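Visitor: The structure under discussion is supplied below as structure tokens; questions concerning it will follow.
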Amino acid sequence: VREAELLQANGVDAIVAQGSEAGGHRGTFLDDWRDALTGTLALVPQITDRIEIPVIAAGGIMDGRGIIAALALGAEGVQMGTAFLPCKESGAHECHKKAVLSCTEDRTVLTRAFSGRPARGIRNRFTVEMETHRDILPAYPLQNALTRDIRQAAAKQNRPEFLSLWAGQAAALSRGKTAGELLAEWIQEAEQILQQLHN
Ligand SMILES: Cc1cc2nc3c(=O)[nH]c(=O)nc-3n(C[C@H](O)[C@H](O)[C@H](O)COP(=O)(O)O)c2cc1C
């Protein structure tokens, strides 16, 4: 919330409120990221209560239900990452897409092992073995440069155990399909929920 207030005071146009569920890199730039792991449901209303500019909710939003929930919390829009990862148009590696589609709610971890910045991805051999060295890992961009060759080789050899398999905690709700099909489904679901709520 403090970071959102600071951003608003410095003249940004909109704020992405990223809950700890989110896949990929964390957007925390103020203080220690470990103190900024508030979940989306708790974070978004605390920000929208304090902020005048548009707030975009992110983290664990995977379908029409999530979109309506975010709007109910006061967000003006949503940012969805993991939901698009395994879709047809996505440039993610096939191993990554498969891992997201078969992920379960207990399989993601926050790790600095790949880039030096904290990010959420699916636990694999690399995240587990590097955990032992977590306190001595160099910061971004050094660690990112150091792991580049490993990630590129792993991609060529189709070895997901050494790939950064970024994914959020709700990855199991992903559907694949095309981006257009996903959007059409989410809009239909959102409209249906709105109707049910009105009845
Ligand atoms: C593959 C992938 C890479 C990402 N990379 C970044 C990044 O470099 N910087 C950042 O601030 N957020 C990054 N994110 C986070 C997204 O901007 C967004 O906040 C997140 O995907 C929302 O949560 P969800 O994945 O549960 O939908 C990334 C997300 C994914 C899935």
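Laboratory data are not the source of any read-out in this text; all were calculated from the coordinates shown. Quantities reported herein were computed from a predicted structural model and do not represent experimental measurements. Counting neighbours? That spans all protein chains shown, and the Cβs are built from the backbone with ideal geometry, glycine included.
Visitor: So what is log10(I(q)/I(0)) for the chain at q = 0.10, 0.11, 0.16 1/Å, when the Debye sum runs over its Cα atoms only?
Guide: One equal scatterer on each Cα of the chain leads to -0.46, -0.55, -1.08.
Visitor: Taking K88 as the anchor, which lysines have their alpha carbon closer than 19 Å to its alpha carbon, excluding any fewer than eight residues away along the same chain?
Guide: K97, K98, K177
Visitor: Considering amide H positions built from the backbone, and no H for Pro or chain starts, which residues 5 or more places from N124, or on another chain, come under 5 Å of its amide H?
Guide: none
Visitor: How long is the gain from R65 to D135 if the chain were fully straight, where each residue apart is worth 0.36 nm and the alpha carbon distance is subtracted?
Guide: On the way: separation 70, 0.36 × 70 = 25.20 nm, distance 3.86 nm.
This chain segment gains 21.3 nm when fully extended.
Visitor: Follow-up question, since we're still on this one. Just to be sure I understand the curve: with the Debye formula and one point per C-alpha of region 1-118, what is log10 I(q)/I(0) at q = 0.16, 0.21 Å⁻¹?
Guide: -0.81, -1.24
Visitor: To the nearest 0.05, how large is the calculated FRET efficiency for E189 and R2 if R₀ is 30 Å and r is the Cβ-Cβ distance? Walk me through the numbers before you get to the answer.
Guide: On the way: r = 34 Å, r/R0 = 1.14.
The calculated FRET efficiency here is 0.30.
Visitor: Which residues among region 142-163 fall inside the zone where the amide N is under 14 Å from a point 7 Å beyond the Cα of V128, along Cα→Cβ?
Guide: Backbone N within reach: 160-163.
Visitor: Taking amide H atoms as placed 1.01 Å from N in the peptide plane, list the residues 5 or more away in sequence, or in a different chain, whose amide H sits under 5 Å from that of V78.
Guide: Those qualifying (amide H under 5 Å, at least 5 residues apart or on another chain) are A57.
Visitor: Right, here's the next one. How high is the FRET efficiency from N199 to T104, r the C-beta distance, R0 45 Å, rounded to 0.05? Numbers along the way, then the final one.
Guide: On the way: r = 34 Å, r/R0 = 0.75.
About 0.85, to the nearest 0.05.
Visitor: Of the candidates H96, H25, H133, which one comes out as most mobile in a Gaussian network treatment of the chain with C-alpha springs shorter than 10 Å?
Guide: The residue with the greatest mean-square fluctuation here is H133.
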